[in-house]
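The structure under discussion appears below in the form of structure tokens.
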Amino acid sequence: MRAHLGDQLVIESPATGATRRDGEIVGLHHEDGTPPYDVRWSDSDEITLVFPGPDAHIHHLETGPAPPPPPAGAANPGDIGRRVTAARLRRGLTREETAARAGMAPAYLAYLEEQPATPTLATLIRLADALGTSVDALHGGGVELPPGQGHALFRPRLLDLGPDECRALLSTHGIGRVTLSTPDGGPAVVPVNYDVIDGAIVFRTAPGSVTALTVDEDVAFEVDHVDEALSRGWSVLAVGHASVVTRPEVVRGLVRRAHTTPWAGDERAMWVSIRPRSLTGRRIAPADQ
């Protein structure tokens, strides 16, 4: 028995006239798709670890060939297509690599990225797993809600991360949170667009802003990732001294190597650098990993 994420596990009751039970496979414990599986049952919405018996079988959801071309004039991608493309490019994957990871035809992935489309939940689960993101992130649902509102893993484990893995996760760049003390002595946590350049965490701000208060202070910087589809995630905490970058040639180098401009906009010409002196992290994973 082999399954993919999003397939349906059906258990036939041996009792005559009894209703069968079925559920969606939302977690795999082996790369080859063999049991056991994490199954979200349709009758209770609960997730349990299942070792299928002889009365169980898998209903595979079809990935199918690419749909026929859309009519002329419908060449703009939908929101899902834009999010899939952005997630794929962030991970440096080609369409062929992504399609192979997600178990679908490259032509179908091209259709999803280039045309308004409404893929099935199973397709979104496979894409989210292949791209290291979540179904909610691809679908755009819950954009105003904090992450982590889904079901927990059946038997989660909290693992400590070593310094090398912390550095690797931190260096992916994106959005992080920096802690600081406000002028009235109260604490604050502020999200910033950051990069890791030459081993230092760097972000742009404006003189007189809240984040400018980090300069010449010891601060904590946190970054994390939550996978809603698989109920997994990690977080990394860096502690170090924050300083302002003043050398013009260094500032020009940071501007040239930065991946993005600040999402908050406005003129933010002041660069702050945090050189971590300690790195710690944790990861939530299934019990057998």
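The values are calculated or read from the model by the stated rules, or taken from the named source; none is laboratory data. Just so it is clear, the structure is predicted and the values come from calculations on it, not from any experiment. Here the Cβ positions follow ideal geometry from the backbone for every residue, glycine too, while neighbour counts run over all protein chains shown. We work out accessible area using only protein heavy atoms, side chains counted, and drop any ligands, DNA or RNA first. Shrake-Rupley method; radii C 1.70, N 1.55, O 1.52, S 1.80 Å.
A few notes on this one:
- Charge sum, other residues only, whose C-beta stays under 14 Å from THR280's C-beta, Lys/Arg counted +1 and Asp/Glu -1: -1
- Once exposed loop GluC sites (Glu not before Pro) are cut out (DSSP; at most 10 other Cβ, 10 Å), longest piece of the chain: 145-266
- Legend: residues THR260, THR48, THR133, sorted from most to least accessible area (1.4 Å probe; ligands, DNA and RNA excluded), read THR260, THR48, THR133.
- Each Lys and Arg contributes +1 and each Asp and Glu -1, all at the Cβ; summed about the Cα centre of the stretch 136-289, the dipole is approximately 340 debye.
- Between LEU159 and GLU97, the FRET efficiency from the beta-carbon distance, with R0 = 30 Å, is close to 0.65.
- Measuring nothing but protein heavy atoms, the accessible surface of the chain at 1.4 Å probe radius is 54 percent carbon and sulfur.
- Heavy atoms of the protein chains alone define the surface here; on that basis the stretch 212-251 has 45 Å² accessible area per residue at 1.4 Å probe size.
- Global geometry of the stretch 196-282, whether rounded, prolate or oblate, following the gyration tensor of its Cα atoms and the 1.5 cut on a/c: prolate
- Label-point separation, ARG82 to ALA200 (7 Å along Cα→Cβ), nm: 3.5
- Residues THR280, THR246, sorted by accessible area with the largest first, give THR246, THR280 [1.4 Å probe; ligands and nucleic acids excluded].
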